[in-house]
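Colleague: Below: one structure in structure tokens.
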Amino acid sequence: MIFRRRRFADVIARQLDLFVLDRADLVDDARCRLELYNRADRDEAEELYGDYVDALETGAEILAELRDAFGRTLDVAAREEYEREFNRAAAGRLPDFALELENR
């Protein structure tokens, strides 16, 4: 079996590293909000889940901006390949945020 190296793997890895470093507060906030939701009473759960989803949407928006800014520097075919690779890498590294990213 022949394995092909992903064309944009290095740049995407750096972009995700940058997101995790620069937005560590957001990543931690989302994790904390999920923990609060998981421990919440039924009365509080809906609101806390909404807070968690808000944090995920914020992170996905930032990731999409990062992805799209670089994507605009590429021709159409390369942009489509890059976006697929970016979304796949984000799903592996930041799966909660990636669920929201697919919709952007």
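Colleague: Please tell me if Arg4 is surrounded by fewer than 16 Cβ atoms within 10 Å (Cβ to Cβ), modelled with pLDDT under 95 and not β-branched (Val, Ile, Thr).
Modeller: On the way: surrounded by fewer than 16 Cβ atoms within 10 Å (Cβ to Cβ): yes; modelled with pLDDT under 95: yes; not β-branched (Val, Ile, Thr): yes.
When the stated conditions are applied, Arg4 passes them.
Colleague: Scan segment 33-71 residue by residue and report those that are out of contact with any Asp or Glu (no Cβ under 7 Å at 6 or more places or on another chain), under 13 Å from Phe86 (Cβ atoms) and not hydrophobic (A, V, I, L, M, F, W, C).
Modeller: Those that are out of contact with any Asp or Glu (no Cβ under 7 Å at 6 or more places or on another chain), under 13 Å from Phe86 (Cβ atoms) and not hydrophobic (A, V, I, L, M, F, W, C): Glu65, Asp68.
Colleague: Looking at (1) modelled with pLDDT under 95; (2) more than 10 Å from the chain's Cα centre (by Cα), find the lone condition where Leu99 falls short.
Modeller: Of the numbered conditions (1) modelled with pLDDT under 95; (2) more than 10 Å from the chain's Cα centre (by Cα), the odd one out for Leu99 is (2).
The values are calculated or read from the model by the stated rules, or taken from the named source; none is laboratory data. Since the structure is predicted, the reported quantities are computational estimates derived from the model, not experimental observations. As a convention, Cβ positions derive from the backbone with ideal geometry for all residues, glycine included, and neighbour counts pool all protein chains shown.
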